[in-house]
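Values in this text are rule-based calculations from the coordinates and carry no lab data. Values in this document were obtained by computation on a predicted structure and should not be read as measured data. Ideal geometry is used to build each Cβ from the backbone, glycine not excepted, and the neighbour counts take in all protein chains shown.
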């Protein structure tokens, strides 16, 4: 369980660290990677949803067994940005610096998969009934 807790905690800290400053960088991003952001509702909406996922990572880190069923969805969350960026890069629609920033997410996806299967190898314990089995 410790591996899963550490992986999801690190993912959450990384995400919070990366995302929170972006709330204040919309204009700078538009200048450094033109064109300027023309739909701030999409920009801030993306940030908000992504920031909420960091909260889900914290929940998983606090009680991995209870939230184990969410881990495959968390893997998909990590790929939901990277896959489109890879496709867009392959057709020259995004710059290489955008590609580089998207490559941390598949690393976390692999770690999430490893955490999920490590938990599965520990046996079919439930979060509620593990103590009851030992007591009987």
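Details
- Normalising the average separation of contacting C-alpha pairs (under 8 angstrom, six or more residues apart) by the number of residues puts the relative contact order of segment 2-123 at 32 percent.
- Convex hull volume per residue, computed on the Cα atoms of segment 1-61, equals 68 Å³.
- For the Cα trace of the chain, dividing Rg by the Kirkwood Rh returns an Rg/Rh value of 1.09.
- On Cα atoms only, tilt of 104-121 relative to the major axis of the chain in degrees: 10
- Packing-based exposure ordering (other Cβ within 10 Å, fewest first) of 86, 121: 121, 86
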